[in-house]
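**Student:** To start, I am sharing the structure in question, which I have written as structure tokens.
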Amino acid sequence: MSSAGVEVGHHQDVIIPLPSQVAGHVVGDVNTILKGNKLIYKPLQDGARGNRESEFYDMLSRDALASFAPFTPAYHGVHDIKQKDILGSYLALEDLTVGIPSDRLCIADIKMGTQTYDDHASEKKRKAEEEKCKGTTTLSHGFRICGMRVYEEGKGIVKYDRSYGKKLPAEDLPRALQLFAATKPHLLPLIVEKLKQILHWFENENTAHKFYGTSIPILFNAESSGADSDDVIVKIIDFAHVCESKDGSRDQGYIFGLKNLIQACISAQSAID
């Protein structure tokens, strides 16, 4: 049993709630994302959604999605973990924050696409999601900032929650990304390059799936002096709502969002220069 009240199998590795979480369930919820053993443990959702997400990660090792795997955290299977006397199943994923001090860890959590519900959603769910996205940049630009951890000189880490992104006007998206990268503006071109690699996959290799409800986390160390590809992390996560493409067409909502996110990063860089 760890200090966080979490028991992991038959070994004594300490697992704690993820302190750097910028979106999702609050710490203390039994559905809280956990970390330990250089892994992130994400609660496996009940029913079909959880099955779809674990099956999607399993497919990353097969030929059909092998080319997409580099854009995701490494997958380490499903683990059973007891928290607050409740045994739950968790997806074990590579911890992208390893090696970055928590007081220098900068993260932007970006929800991608123009549609946030999947083909299996009920009419009630569809209307709720459409209402949630109304007036946000999800509809106008195909992406929305769901949260940020920003390092500010003299203040340390400052957090911006999901309400910040929901209220953010489209014209302020570059300014928000400029704020995020304020201490390391030289990383913006690297972020753009990594986003372009993802865009290339969606434009040229993917006709099999539609990626609803996924996010792109962007991470870096605020005190790092480096300027190469390894100094910024850009991945795609959250695949519970990924569906097969019914007509074999490209995921235009996702492509639209990626193009606008890339342009917003370029505009942020131009404002700094």
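**Student:** Whole number in Å², please: accessible area per residue of the chain, 1.4 Å probe, ligands, DNA and RNA not counted.
**Tutor:** 48 Å²
**Student:** Restricted to Cα positions, what overall size does the stretch 117-210 have along the principal axes? Three whole-Å values, descending.
**Tutor:** Sorted largest first, the three principal extents are 48, 33, 21 Å.
**Student:** Still on this structure, I have one more. Could you tally the net charge around Met112, taking each other residue with its Cβ under 11 Å from the Cβ of Met112, Lys/Arg +1 and Asp/Glu -1?
**Tutor:** Values: positive: Lys111, Arg144; negative: Asp109, Asp238, Asp251.
Combined, the nearby Lys, Arg, Asp and Glu give -1.
**Student:** Step through the residues of the stretch 88-93 one at a time and calculate ³J(HN,Hα) from phi using the Karplus curve (6.51 cos²θ - 1.76 cosθ + 1.60, θ = phi - 60°), rounding each to whole Hz and writing x for Gly and Pro.
**Tutor:** So the J values, rounded to whole Hz, are x, 9, 10, 6, 9, 10.
**Student:** Please tell me which of these pairs span more than 29 angstrom C-alpha to C-alpha: Lys184/Lys235; Lys127/Lys246; Lys82/Lys246; Lys82/Lys194; Lys84/Lys132; Lys84/Lys210?
**Tutor:** Working: Lys184/Lys235 19 Å; Lys127/Lys246 22 Å; Lys82/Lys246 39 Å; Lys82/Lys194 37 Å; Lys84/Lys132 31 Å; Lys84/Lys210 36 Å.
Correct reply: Lys82/Lys246; Lys82/Lys194; Lys84/Lys132; Lys84/Lys210.
**Student:** Oh, and also: Mind listing the long-range amide H neighbours of Tyr151? Cut-off is under 5 Å, sequence gap 5 or more, other chains count too, H placed in the peptide plane at 1.01 Å from N.
**Tutor:** Here Val158 satisfy the definition.
**Student:** How are the Cα pair distances of the chain distributed, in percent, across 5 Å bins from 0?
**Tutor:** 1, 6, 12, 17, 19, 18, 14, 9, 4, 1, 0
**Student:** Leaving ligands, DNA and RNA out of it, report the carbon-plus-sulfur percent of the accessible area of the stretch 212-273 at a 1.4 Å probe.
**Tutor:** 44 percent
**Student:** Mind putting a number on the dipole of the chain about its Cα centre? Charges go on the C-beta only, +1 for Lys and Arg and -1 for Asp and Glu, and I need it in Debye to the nearest 20.
**Tutor:** Computed about the Cα centre, the dipole is about 700 debye.
**Student:** Would you mind telling me the share, in percent, of accessible area of the stretch 28-117 contributed by carbon and sulfur at probe 1.4 angstrom?
**Tutor:** 49 percent
**Student:** Can you give me the C-alpha center-to-center distance between the stretch 80-149 and the stretch 205-268, rounded to a whole angstrom?
**Tutor:** First find each Cα centre; the distance between them is then 13 Å.
**Student:** Hey, if you put +1 on the Cβ of every Lys and Arg and -1 on every Asp and Glu Cβ in the chain, which of Ile107, Phe143, Leu39 ends up farthest toward the positive end of that dipole?
**Tutor:** Phe143
**Student:** Over the chain, with a Gaussian network built from C-alpha contacts below 10 Å, which listed residue (Lys210, Lys127, Lys159) shows the highest mean-square fluctuation?
**Tutor:** Comparing Lys210, Lys127, Lys159 in a Gaussian network model of the chain, the most mobile one is Lys127.
**Student:** Also, I was wondering about something else. For the stretch 70-125, what are Rg and Dmax over the alpha carbons, in angstrom?
**Tutor:** When restricted to the Cα atoms of the stretch 70-125, Rg and Dmax are 16.4, 44 Å.
**Student:** For the stretch 141-150, what does the Karplus curve 6.51 cos²θ - 1.76 cosθ + 1.60, with θ = phi - 60°, yield as ³J(HN,Hα) per residue in whole Hz, taken in order and with x for Gly and Pro?
**Tutor:** Computed from phi, the couplings for the stretch 141-150 are 10, x, 7, 9, 6, 8, x, 9, 10, 10 Hz.
**Student:** Treating cross-link reach as a plain straight distance, find the lysines whose alpha-carbon is under 19 Å from the alpha-carbon of Lys134, omitting any fewer than eight places away in the same chain.
**Tutor:** Lys111, Lys124, Lys125, Lys166, Lys167
**Student:** What size of dipole, in debye to the nearest 20, comes out for the stretch 140-185 about its Cα centre when the only charges are +1 on Lys and Arg C-beta atoms and -1 on Asp and Glu C-beta atoms? Please list the in-between numbers first.
**Tutor:** Numbers: 9 positive and 5 negative charges, 39 e Å.
So the magnitude is around 180 debye.
**Student:** Work out, in µm²/s and without decimals, the Stokes-Einstein translational diffusion coefficient of the stretch 98-257 at 25 °C, 0.890 mPa s, Rh from Kirkwood over C-alpha pairs.
**Tutor:** For these conditions, the coefficient is 147 µm²/s.
**Student:** Same structure again: Taking θ = phi - 60°, what integer Hz values does the Karplus form 6.51 cos²θ - 1.76 cosθ + 1.60 yield along the stretch 172-187, in sequence order, with x for Gly and Pro?
**Tutor:** Listing the rounded values in order: 9, 4, x, 5, 5, 5, 5, 4, 4, 9, 4, 7, 9, x, 5, 7 Hz.
**Student:** Also, quick follow-up: Using mean Cβ contacts within 10 Å as the protection proxy, how do 217-223, 110-116, 131-137 order, highest first? Display every interim value, and only then the final one.
**Tutor:** Working: 217-223: 20.4, 110-116: 23.4, 131-137: 15.7.
Peptide ranking by packing, descending: 110-116, 217-223, 131-137.
**Student:** Any idea what the dipole of the stretch 131-273 comes to, in debye rounded to 20, about its Cα centre with Lys/Arg Cβ at +1 and Asp/Glu Cβ at -1?
**Tutor:** 560 debye
**Student:** Under a GNM of the chain (C-alpha, springs under 10 Å), which listed residue has the highest mean-square fluctuation: Gly99, Gly213, Gly88?
**Tutor:** Looking only at Gly99, Gly213, Gly88, the largest GNM fluctuation is found for Gly99.
**Student:** Work out the charge dipole of the chain with +1 on the Cβ of Lys and Arg and -1 on the Cβ of Asp and Glu about the Cα centre, then indicate which of Trp201, Cys243, Leu179 is farthest towards its positive end.
**Tutor:** The residue sitting farthest along the positive end of the dipole is Leu179.
The values are calculated or read from the model by the stated rules, or taken from the named source; none is laboratory data. Small disclaimer: the values here were computed from a predicted structure and weren't measured. We place every Cβ from the backbone using ideal geometry, glycine too, and count neighbours over all the protein chains shown. Ligands, DNA and RNA are stripped out before the accessible areas are found, and what is left, the full protein with its side chains, is counted by its heavy atoms. Shrake-Rupley method; radii C 1.70, N 1.55, O 1.52, S 1.80 Å.
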